[in-house]
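Down below is the structure, laid out as structure tokens.
The values are calculated or read from the model by the stated rules, or taken from the named source; none is laboratory data. As the structure is a computational prediction, the values presented were derived from the model and not from experiment. Here the Cβ positions follow ideal geometry from the backbone for every residue, glycine too, while neighbour counts run over all protein chains shown. Surface accessibility is based on the protein's heavy atoms, side chains included, excluding ligands, DNA and RNA. Shrake-Rupley method; radii C 1.70, N 1.55, O 1.52, S 1.80 Å.
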Amino acid sequence: DAGSDDNSSIDYPLIAKKVCEEVLKDSENLGILICGTGIGMSIAANKIKGIRCAKVSTEEEATLSKLHNNANVMAISGRIEKEQAIRIVNNFINTEFSNEERHIRRNNQIDKMM
């Protein structure tokens with residue numbers, strides 16, 4: 001937990017950086033970023049080499065971000081209903097990256113862009 005414990009305004013790029021640094025310490029680590037929309041957090045997180053942050057809004061997006069894109073960080077809006085947010089987070093945590101050659105090839109292409 002790297003964030004605020006209340007509704008006070010914080011500089012989300014610093015929180016994103018802190019979470020991503022923890023994710024990069026171990027390839028098994030995952031990060032979940034929550035802010036108003038999740039957009040700013042995802043932009044900040046994706047500036048960090050080795051981070052694959054997906055801004056997700058649905059359970060399917062959470063699943064596919066891991067299955068196809070091997071995301072290690074997920075950004076989500078804090079405005080999503082709690083029960084839906086829990087399902088989204090569970091999908092993200094419980095999905096494994098696909099071994100399909102096309103996903104491996106595409107992810108390798110993305111890595112070369114960094």
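Considering Ile48, Ile80, Ile34, Ile39, which residue is open to solvent by 80 Å² or more (accessible area, probe 1.4 Å), touching a helix residue (DSSP H, G or I) at 6+ places or on another chain (Cβ under 8 Å) and of a type in the set (A, V, I, L, M)? Answer to the check: Ile34. How many residues does the range 10-26 hold that are out of contact with any Ser or Thr (no Cβ under 9 Å at 6 or more places or on another chain) and either open to solvent by less than 30 Å² (accessible area, probe 1.4 Å) or on the phi > 0 side of the Ramachandran plot (or both)? Total meeting the criteria: 3.
Inspect all residues belonging to the range 59-77 and state whether any of them is of a type in the set (Lys, Arg) and open to solvent by 40 Å² or more (accessible area, probe 1.4 Å). Please lay out each step first, then the result.
Taking the range 59-77 first, the residues of a type in the set (Lys, Arg) are 66.
Narrowing the set further to residues that are open to solvent by 40 Å² or more (accessible area, probe 1.4 Å) leaves none.
No, the range 59-77 has no match at all.
With respect to the conditions (1) in a helix (DSSP H, G or I); (2) exposed (fewer than 12 other Cβ atoms within 10 Å of the Cβ), Asn7 lacks only one, and its number is (1). Do we have Asn29 as under 28 Å from Glu101 (Cβ atoms) and surrounded by 17 or more Cβ atoms within 10 Å (Cβ to Cβ) here? For Asn29, the condition - under 28 Å from Glu101 (Cβ atoms) and surrounded by 17 or more Cβ atoms within 10 Å (Cβ to Cβ) - is not met.
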